[in-house]
Amino acid sequence: MSVEMVFARQKLPIVLLMIISGLVQVSTVRAQISAPEFLCVQNDTLRWNAPASLCGGFNSYLIYGSQDPSGPYSVLATITDQDQFAYFHADAGNQTWYYYLESDLDCPGQPPLQSDTLDNLIPDPGPIKVVTVVDESTVRIDWSSSPSPEVIGYIVSRQNALGTTILDTVYNSFSYTDINASPADQSETYFVVALDPCGNVSLVPDPHKTILLELGSVDSCSQAITLNWSAYINWPNGVDRYEILVSETAPTENRPGSFGLVAAVDDAQPSYTFVDAVDGRNFFFKIRGVEEDTNEESFSNEIMVTVGAVQAVQDLVLESTQVGPDNITVQWQLQPQVPTASAMLLRSEDGMTFSPVSDIDPTAGLYVDMTSLGNQKPVSYRIEAVDQCGNEIVSNAISTIYISGEPNGNNNEVTWTAYYNEAGQALSYELYRATVGGATTLLATNPSTTLNFSDPVDLTDPAQTTKCYSITANTQVTLSSQVVTAFSTSNIVCLEQSAQLFIPNAFVPDGVNRIFKPILQFGGTQEYLMTIYDRYGGVVFESRELTTGWDGKKNGRPLPQGMYVYLIRMKQGSGQEIEKKGMVMLLR
């Protein structure tokens with residue numbers, strides 16, 4: 001007990017009290033009578049604790065009441081039992097009453113203090129200010145103090161589809177951290193009710209929900225990331241904006257670095273498309289909701305997104321053609337080697353109008369066209385494709401090299417079409433020669449501007465009757481990142497010199513020149529027919545073999561001496577037809 005209280009109970013003058021205590025000098029300051037500690041009202045029963053100090057003898061507790069919080073208040077009851085700490089207001093009915101308490105102590109000259117004024121209603125809640133996600137399993141809840149003075153604590157609860165879970169009762173604080181939440185999986189819902197010493201709790205206020213951020217979609221073609229999130233629920237002033245925060249890291253980093261603001265949208269748009277994604281990088285996102293006027297902030301969960309971008313085709317370039325006996329092989333470069341949604345090889349017979357040949361796999365790098373006319377004329381190709389993102393890709397056009405020629409006296413005159421490639425050029429042409437059944441040899445290397453060659457033929461050499469030729473073009477093809485060399489080959493053309501025949505004008509079956517037949521001095525034959533006619537036009541002899549001649553007989557009987565007509569038809573391997581006719585003298 002303090003010195004002041006001791007002397008006060010002995011009713012010593014207050015000035016003497018101050019002097020004896022040595023605590024203060026003469027002053028006009030007056031002591032006050034402490035009020036009971038008014039705890040709460042429960043079911044119209046008022047409860048309190050004894051005053052903090054008693055300056056004199058106890059007389060009573062005075063209970064004041066009014067139905068108007070601004071008064072006037074009147075004494076409802078006088079409690080003379082110092083150890084009584086409850087009072088039932090029987091006349092409260094269903095009306096709202098307001099109460100305060102005073103202590104009547106034997107402390108002359110000291111004014112009484114009033115307790116808190118409480119009503120007989122349940123306490124008002126402490127409104128939630130914000131719920132915000134801390135990490136994948138943690139949510140922090142902050143609220144304001146209840147305006148009801150009897151409130152001593154707050155009950156924090158989490159609510160979900162399975163019911164309500166009371167997390168804790170918090171005293172002397174207006175914040176709680178829920179470490180067992182799942183804000184990365186669902187929007188967590190919280191409410192806080194106020195608690196008074198009587199066990200009365202406030203009504204359940206409007207719950208607040210965390211912001212749940214989810215991945216909407218990833219467009220690997222445009223490298224865009226669409227984010228969706230749930231709205232923040234029950235801010236009194238509503239949401240001013242949602243801010244999109246991002247942290248970009250290397251593929252090996254599975255935790256975000258510092259976050260930066262990339263955009264803000266209003267409360268009516270809980271969605272955003274991030275368009276600056278980079279293939280292979282990790283992007284971490286979270287949403288910051290901001291309340292209107294107060295700028296209170298609530299953070300969502302974080303999500304990590306890695307964009308596996310569809311690589312675009314950089315090069316689809318036709319680089320060469322090889323003409324075979326009955327097909328054409330078309331080759332191309334595809335960089336990078338990525339799949340496409342579709343691809344078609346097209347062919348043109350005139351170099352202008354292209355028609356589909358076949359669906360192809362661009363990653364194969366070649367296609368063999370079995371329906372081509374490469375041995376008859378130049379043929380052009382191109383590829384049209386659609387990548388996985390729907391973009392159309394059209395390759396360059398390329399044409400086959402067509403070689404042709406004709407015998408001309410003692411020479412074979414060879415010509416060929418120029419190598420044509422929208423993405424390349426010919427450096428030179430190599431002319432190869434081969435005899436039928438013989439080896440192929442390089443005959444000449446011509447510059448890119450030369451498209452013909454004259455090859456001499458030795459008419460005394462039967463091996464040179466037929467010569468075959470082909471062209472190989474040495475080329476350069478330009479890709480986006482490099483220049484590559486390629487080789488295109490033409491068809492093979494075979495040229496056969498015209499056959500040269502010596503035909504006798506007389507023969508003597510019984511003499512030295514006994515058989516009539518032509519002598520092939522140069523060339524060759526595939527088909528042969530010699531017919532002998534008499535002067536009346538009757539057939540007296542036929543032979544289909546160059547080596548089989550006429551002996552002057554018909555059906556084994558010698559024919560008389562005279563002039564006979566011959567007709568010789570011969571077709572060479574090249575398809576050239578030769579016809580000889582004339583008169584031969586049969587001598588006896």
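The values are calculated or read from the model by the stated rules, or taken from the named source; none is laboratory data. Everything numeric here is computed off the predicted structure, so don't read it as measured data. Glycine gets a Cβ as well: all are built from the backbone with ideal geometry, and neighbour counts include every protein chain shown.
Side notes on the structure shown:
- All strands (runs of 3 or more DSSP E) inside region 433-522 with 1 or more residues being surrounded by 13 or more Cβ atoms within 10 Å (Cβ to Cβ) and either on the phi > 0 side of the Ramachandran plot or β-branched (Val, Ile, Thr) (or both): 440-447, 466-478, 483-489, 493-496
- Scope region 382-437; condition among the polar types (S, T, N, Q) and touching a helix residue (DSSP H, G or I) at 6+ places or on another chain (Cβ under 8 Å); matching residues: Thr435
- Selected residue [more than 23 Å from the chain's Cα centre (by Cα), among the basic types (Lys, Arg) and not assigned by TED's automatic domain parsing to the domain that holds Ile141] from Arg255, Arg241: Arg241
- Residue within region 287-310 that is among the charged types (D, E, K, R), surrounded by fewer than 19 Cβ atoms within 10 Å (Cβ to Cβ), under 26 Å from the mean Cα position of the chain (by Cα) and not in a strand (DSSP E or B) present: no
- When Glu542 is tested against the conditions (1) surrounded by 15 or more Cβ atoms within 10 Å (Cβ to Cβ); (2) assigned to a strand (DSSP E or B), the lone failure is (1).
- Output for region 265-286, where each listed residue is surrounded by 13 or more Cβ atoms within 10 Å (Cβ to Cβ), modelled with pLDDT of 90 or more and either in a loop (DSSP other than H, G, I, E, B) or among the β-branched types (Val, Ile, Thr) (or both): Val265, Pro270, Thr273
- Filter result (polar (S, T, N, Q), over 27 Å from Cys221 (Cα atoms) and assigned to a loop (DSSP other than H, G, I, E, B)) within region 336-379: Thr353, Thr371, Ser372, Asn375, Gln376
For (1) at positive phi; (2) surrounded by 19 or more Cβ atoms within 10 Å (Cβ to Cβ); (3) free of Cβ contacts under 8 Å to residues at least 12 places away in the same chain, each residue gets a yes or a no:
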position: Thr138; (1), (2), (3): no, no, no
position: Glu150; (1), (2), (3): no, yes, no
position: Thr164; (1), (2), (3): no, no, yes
position: Ser175; (1), (2), (3): no, no, no
position: Pro197; (1), (2), (3): no, no, no
position: Ser220; (1), (2), (3): no, no, no
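- Checked against the criteria, Gly324 does not count as small (Gly, Ala, Ser) and under 30 Å from Ala231 (Cα atoms).
- Filter result for the condition that a residue is out of contact with any Ser or Thr (no Cβ under 7 Å at 6 or more places or on another chain), among the aliphatic types (A, V, I, L, M) and modelled with pLDDT under 90, over Ile128, Ile19: Ile19
- For beta carbons closer than 7 Å, sequence separation of 6+ or different chains, a first residue in region 395-421 that is over 21 Å from Leu459 (Cα atoms) and a second that is basic (Lys, Arg) and modelled with pLDDT of 95 or more, the qualifying pairs are Ser395/Arg382; Asn396/Arg382; Ala397/Arg382.
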